[in-house]
Amino acid sequence: MKPAAFEYSRPDTLSDAIRLLAEADGSAAPICGGQSLLVLMGLRLTMIERLVDISRLPELGEIRDDGRDVFIGASTTHAAIEDGLIPDPSAGLMPRIAGKIAYRAIRNLGTIGGSVALADPAADWPACLIALDAEVSIAGPDGQRQASVADFVTGAYETILAPAEIVLGFHIPRCASMRWGTSKVSRKSGAFADSMAVFVEADDGAAPRAVLAGTSSHACLLPGVGRYASEHRTLDKVELRAVILQDLTDVAPDADDYQRRCHVATVSRAMAEARQS
Ligand SMILES: Cc1cc2nc3c(=O)[nH]c(=O)nc-3n(C[C@H](O)[C@H](O)[C@H](O)COP(=O)(O)OP(=O)(O)OC[C@H]3O[C@@H](n4cnc5c(N)ncnc54)[C@H](O)[C@@H]3O)c2cc1C
């Protein structure tokens, strides 16, 4: 399928991009890497009259490291993170996540901002950024605001983004010492995950964070698993399975037996990897 006819603009400034989106009153959308949006338009799952290309806006390409956190602009590609072209606040977690997204042609163009803004339930970046306790910066007609990524993603393909708002990038806290693990089950290489888990444990006293993606909703913290990890140095397989299943009753109540098995496996493997490092 080919997309329906659309208009295309590539504004030079952030304020022009926001104005164009606001004037279109819901019939326009920003496009960054185009790796998801063009597919959706080609399949006519979404109808957009005007694409506003934000991929070259300077604000979205910024990378800042103030020693406390790293700001990664929304138009940063998966490949740039995979290749270590930007500072890594995550002790190797982000390059590992980036390298497992789709395949290289998609990673060369797909962006971290586009991934989080789209909020596909199985996407890798929302889970990773929630585990890292990252914040998202947003710009829109009413100015700029910031929110935790955990609060930003509210459902399957749902976020707190208002019409004409643009994700500028992500503030990712630096931690002097941390352990992490991640695990993903996909039916074939390069496909979205049936289940994907990220576990992060910092040595600064912050509570461990376990995040699950690949449910029918959105990437979510697993509070029971986090508590279990903070109380147990050694992971007991049977106890941990029971704790994960308990969390699933809230975050994936509609999961079938196969999905529950995948979720138990990915969360357990992510935690085991973190504890081995
Ligand atoms: C075959 C295939 C396999 C894939 N596998 C995976 C996978 O395993 N894991 C994974 O995580 N992803 C996967 N993806 C998705 C890929 O990572 C996309 O690149 C990503 O989801 C979207 O990024 P983009 O820059 O291309 O966004 P676009 O396609 O340009 O936009 C996506 C959506 O986000 C909006 N948007 C984009 N940028 C912004 C912004 N800065 N502010 C506000 N809204 C914005 C657009 O309006 C649109 O609604 C896959 C995609 C394909 C086609």
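Taking the stretch 46-85 as the range and being within 11 Å of the ligand (Cβ to nearest atom) and either touching a Lys or Arg at 6+ places or on another chain (Cβ under 6 Å) or polar (S, T, N, Q) (or both) as the test, the residues that pass are Thr46, Asp53, Ser55, Ser75, Thr76, Thr77, His78, Ala79.
If you go through the stretch 223-242 and keep only what is among the β-branched types (Val, Ile, Thr) and surrounded by 15 or more Cβ atoms within 10 Å (Cβ to Cβ), you end up with just Val225.
Considering the stretch 47-105 alone, what residues qualify as being in a strand (DSSP E or B), among the basic types (Lys, Arg) and without any contact (Cβ under 8 Å) to a residue 40 or more places away in the chain? Can you show your working first?
Here is the first cut: in the stretch 47-105, the ones in a strand (DSSP E or B) are 50-53, 63-65, 69-73, 77.
Right, trim to among the basic types (Lys, Arg) and you get 50, 64.
Across the stretch 47-105, the qualifying residue is only Arg64.
Within the stretch 117-144, the set of residues being more than 26 Å from Pro223 (Cβ to Cβ) and either without any contact (Cβ under 8 Å) to a residue 24 or more places away in the chain or of a type in the set (D, E, K, R) (or both) comprises Asp142, Gly143. The residues listed here are Arg187, Arg260, Arg269; of these, the one that is within 18 Å of Arg96 (Cβ to Cβ), charged (D, E, K, R), within 22 Å of the chain's Cα centre (by Cα) and not assigned by TED's automatic domain parsing to the domain that holds Ala119 is Arg269.
Look at Glu135 and say whether it is away from the ligand (no atom under 12 Å from the Cβ), closer than 27 Å to Asp203 by Cα and crowded, with 19+ Cβ neighbours inside 10 Å. Judged against the criteria, Glu135 is a match. Select from the stretch 4-45 the residues that are crowded, with 19+ Cβ neighbours inside 10 Å and among the β-branched types (Val, Ile, Thr) and write down the one among them that is nearest to the ligand (Cβ to nearest atom). Applying the filter and picking the extreme gives Ile31.
The values are calculated or read from the model by the stated rules, or taken from the named source; none is laboratory data. Since the structure is predicted, the reported quantities are computational estimates derived from the model, not experimental observations. So basically every Cβ, Gly included, is an ideal-geometry build from the backbone, and we count neighbours across all protein chains shown.
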